[in-house]
Each structure stands twice: as C-alpha cells, then as structure tokens.
Amino acid sequence: MENARQTAILSIIEHENVETQEELAAKLRDMGIIVTQATVSRDIKELRLLKVLTPSGSYKYATADKAEHGVSERFVRIFIESVL
C-alpha cells in the first residue's frame, strides 16, 4: 500500500501544484486512498520532496531532481546577467 500511495503522490505533484500536506492528503482521498496528514508528512520525508517557488510566486512540492533543475537555471541566469 505504501508503494502505491507514494507513486500516487509523485503523480499528483508531477501534474498539479500542491502547496500543503493537507491539500495533498485531500487529493489522495479523492483518488480513494485513505491517509492522515501524518502519513503524508512521512511520505514527503521518505520521497525527499521539497517545496519550490513557482513562477507565480507560490510554493509547490517537487522532487529533488526537479528542484535542482530550477536552481541550475537560476544560477545560469544570474551568472549571465552579472559577469562582465
């Protein structure tokens, strides 16, 4: 069950901007997966999810590889704009 739940979490955050654990738990419940906030919190930790800033200024959960990609782009932009 844990593997299926974590796979569902990864699918949700891949396709939707999820800002809170409560919102993620509600989306899982909508899929028929019964969870508590504590379970979602533990899954977030096990999956090593991070909160990243979206272009609109809000935060969302993302996997570390997606977060690193955004950080790399930001560093490249800063470098290009600041190096003479």
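For this structure, a couple of remarks:
- Separation of the Phe79 and His15 label points, Cα + 7 Å toward Cβ, nm: 3.6
- Stretchable slack from Thr54 to Ala4, in nm (0.36 nm times residue separation minus alpha-carbon distance): 15.3 nm
- The angle separating the long axis of helix 64-82 from the principal Cα axis of greatest extent in the chain is about 20 degrees.
- Unit charges at the beta carbon, dipole of the chain: most positive-side option, Ser82, Ile13, Gly32: Ser82
- Relative to the longest principal axis of the Cα atoms of the chain, helix 21-30 runs at roughly 50 degrees.
- Scattering profile of the chain at q = 0.10, 0.15, 0.23, 0.25 Å⁻¹ [log10 I(q)/I(0), Debye over alpha-carbon scatterers]: -0.30, -0.57, -1.08, -1.23
- Only protein atoms count toward the accessible area here, which uses a 1.4 Å probe; on the chain, the carbon and sulfur part of that area reaches 55 percent.
- Helix 37-47 axis versus longest C-alpha principal axis of the chain: approximately 50°, rounded to the nearest ten.
- Placing +1 on the Cβ of every Lys and Arg and -1 on the Cβ of every Asp and Glu, with no other charges, gives the stretch 2-53 a dipole of roughly 160 debye about its Cα centre.
- Estimated inter-spin distance, Ala38 and Ala26, nm [label 7 Å along Cα→Cβ]: 2.3
The values are calculated or read from the model by the stated rules, or taken from the named source; none is laboratory data. Just so we're clear, the structure is a prediction, and the values are computed from it rather than from any experiment. Please note: Cβ atoms are built from the backbone with ideal geometry, for glycine as well, and neighbour counts cover all protein chains shown. Side chains are part of the model used for accessible areas, which takes the heavy atoms of the whole protein and leaves out ligands, DNA and RNA. Shrake-Rupley method; radii C 1.70, N 1.55, O 1.52, S 1.80 Å.
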